[in-house]
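To keep things clear, I will list the structure first and then write my remarks on it.
Where a number appears in this text, it was derived from the coordinates with a stated rule and is not lab data. Everything numeric here is computed off the predicted structure, so don't read it as measured data. As a convention, Cβ positions derive from the backbone with ideal geometry for all residues, glycine included, and neighbour counts pool all protein chains shown.
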Amino acid sequence: MVADFGAALDGKVIIDIANPVAPDLSGLVTPSGSSGAQETAKGLPAGAHVVKAFNTLFGPVLAKDGPLDAFIAGDDGEAKARVATFLGSLGLRPLDIGALHMAQTLESLGLLMIGLAKNGAGTFDIAMHVDIG
């Protein structure tokens with residue numbers, strides 16, 4: 001649990017990559033109206049900042065060389081900028097979707113993509129892409 005690290009996390013940026021899905025993929029296991037990222041943030045010192053990222057990017061896709069969109073959500077602009085810079089350094093295109101409450105949407109998207117990989121696409125070698133015209 002992140003609360004166990006206490007003051008050591010003060011002033012740090014924590015990237016939440018989790019997809020908190022039920023083992024049977026029937027839904028998310030977070031409290032209604034919340035997300036895993038928001039629940040993590042509750043256990044952190046006030047100076048720590050959670051940014052949701054990476055949960056919609058599966059390993060097989062990350063292992064390939066190619067442009068990928070990485071969605072991020074968080075409440076602190078500086079923390080999101082630091083994560084965006086990190087993502088860019090990995091060759092990813094960071095796309096900010098808003099405040100940390102939007103992590104709920106990213107976690108639902110993660111669940112959708114897991115379902116798609118297991119049922120429709122038949123592979124985890126998939127990614128969401130945004131066309132900006």
In a GNM of the chain with a 10 Å cut-off on Cα contacts, which of D16, D65, D76 has the highest mean-square fluctuation?
D65
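Sort 78-91, 45-58 by packing, meaning the average of other beta carbons within 10 Å per residue, with the highest value first.
Numbers: 78-91: 16.0, 45-58: 21.6.
Packing order, densest peptide first, comes out as 45-58, 78-91.
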Solvent-free Debye scattering, log10 I(q)/I(0), computed from the Cα coordinates of the chain at q = 0.09, 0.14 Å⁻¹:
-0.26, -0.64
Looking at the chain, what % of its DSSP beta bridges pair antiparallel, to the nearest 5?
25 percent
Computed over the chain: longest principal axis from alpha-carbon atoms vs helix 103-115 long axis, angle to nearest 10 degrees, is 30 degrees
Count of lysine pairs in the chain with Cα separation under 30 Å (8 or more residues apart, or interchain):
11
I'd like the distance separating the alpha-carbon centroids of segment 18-39 and segment 58-73, in whole Å.
22 Å
Farthest towards the positive end of the dipole of the chain, among P31, G88, V51 and with Cβ unit charges of +1 on Lys and Arg and -1 on Asp and Glu, lies the Cα of G88
Ranked by GNM mean-square fluctuation in the chain (Cα springs under 10 Å), the top entry among L62, L25, L44 is L25
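Taking the Cα centre of the chain as origin and charging only Cβ (+1 Lys, Arg; -1 Asp, Glu), how large is the dipole, in debye to the nearest 20? Write out the running numbers ahead of the final one.
Details: 8 positive and 14 negative charges, 22 e Å.
For this selection, approximately 100 debye.
If contacts are Cα pairs under 8 angstrom and at least 6 residues apart, what is the relative contact order of the chain in percent?
Working: 223 pairs, mean separation 36.2, N = 133.
Answer for the chain is 27 percent.
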